[in-house]
Amino acid sequence: MIRVAAVGDLHVGPDSAGALREQLSGIHEKADVLLIAGDLTKAGEPEEAEALARELMGFPVQVVAVLGNHDHHADRPAEIAALLREAGVAVLEGDAVRIDTPGGSLGVAGVKGFGGGFSGASAAEFGEPEMKAFIRHTKERSEALESALASLETDVRIALLHYAPVRETLLGEPPEIFPFLGSYLLAEAVDRSGADLVVHGHAHRGTEHGVTPGGVNVRNVAQTVIRQAYAVYGFDAGGRKKPATAGRGSRRGHGPQEGRISREAARSAPVSER
Ligand SMILES: [Fe+2]
Ligand SMILES: [Fe+2]
């Protein structure tokens, strides 16, 4: 079993010092890797990334992250990524990383992604240069995701995004803002390359479970959605490339489910989905 912990939208600031390390303590007993689906910082300031880097320094499992829109806000995403890499985090943007776990090999392809909307309500690369640039960025990031996923030859492949690839995991957000929360182009990229799971954040008021048109499971792991320190997804790498179980990490105050596969999560686990 490959055990993947995932969370998004930590929005760490200098004032969050210590809290995260406490939330994530003991993670190595429950997961082989931690994925962070963007919005690591509040406003993309290097001192915020430094605070997070201090929390993740010497972390017991490999941490893999993509940046989110908040991490771009101060126009210093390269500095944010560099600070995290110094702490051992694999920060992805259009590339992939392989992690060998006792349960098999795991590949993670990561991009931030971008917006544009979904079937029946999506923007097109048409009109003003600003509009064309908006959709062109989404297309470029989607193509980068497709290539990064295709480059992986691992037992299990995960797409790590910040923006959503499907509208299902946005349900709970105002429909008017869906075009700013994700794009169907990301799902098309995943379906073309194939993956075992897509993990994203960004939609703080969205829904955890979704699936791409091609049948790949999607999980919105924004911390306000999963309402735990992290979600854990298990994969049986023995020829069945699909999430087999889902569990929970715990935040303080949520002790009873700590370290277990909860019945509720198991019931909602995508065993039969494909
Ligand atoms: Fe966020
Ligand atoms: Fe975001």
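The values are calculated or read from the model by the stated rules, or taken from the named source; none is laboratory data. Predicted model, so just to flag it, every value in this text is computed and none were measured. Here the Cβ is made from the backbone with ideal geometry for all residues, glycine too, and neighbour counts use every protein chain on show. Heads up: the accessible areas ignore ligands, DNA and RNA and are worked out on the full protein's heavy atoms, side chains in. Shrake-Rupley method; radii C 1.70, N 1.55, O 1.52, S 1.80 Å.
Calculation over all alpha carbon pairs of segment 63-163 in 10 angstrom steps from 0 returns a P(r) of 15, 39, 32, 12, 2, 0 percent. Overall, the accessible surface of the chain at a probe of 1.4 angstrom is composed of carbon and sulfur to the extent of 51 percent. Net length available on complete extension from M57 to A121 is 18.8 nm, with 0.36 nm assigned per residue and the Cα-Cα distance removed. Of the peptides 14-20, 35-41, 188-194, the ranking by mean beta-carbon count within 10 Å, highest at the top, reads 35-41, 188-194, 14-20. Eigen-decomposition of the gyration tensor built on the alpha-carbon atoms of segment 132-193 gives equivalent ellipsoid semi-axes of 23, 15, 7 angstrom, largest listed first. Across the alpha-carbon atoms of the chain, the computed radius of gyration and Dmax are 17.2, 54 angstrom.
Stokes-Einstein, applied to the Kirkwood radius of segment 126-249 over Cα pairs at a viscosity of 1.002 mPa s and 20 °C, places its translational diffusion at 143 µm² s⁻¹. Calculated mean residue ellipticity, 222 nm, the chain: -7000 deg cm²/dmol, from DSSP H runs (n ≥ 4) at -39500 (n - 2.57) each, averaged per residue and rounded to 500.
Fraction of C-alpha pairs exceeding 24 angstrom in segment 1-99: 13 percent, rounded to a whole number.
Temperature 37 °C, viscosity 0.692 mPa s: under these conditions the Stokes-Einstein estimate for segment 1-42, based on its Kirkwood radius over C-alpha pairs, is 294 µm² per second. Based on protein heavy atoms only, the chain ends up with 42 Å² per residue of surface accessible to a 1.4 Å probe.
Placing a pseudo-label 7 Å from each Cα along the Cα-to-Cβ vector at R98 and H137 gives an inter-label distance of 3.3 nm. With a cut-off of 19 Å on the backbone N, the residues of segment 118-154 near the modelled label site 7 Å out from R85 along Cα-Cβ are 144-145, 148-149.
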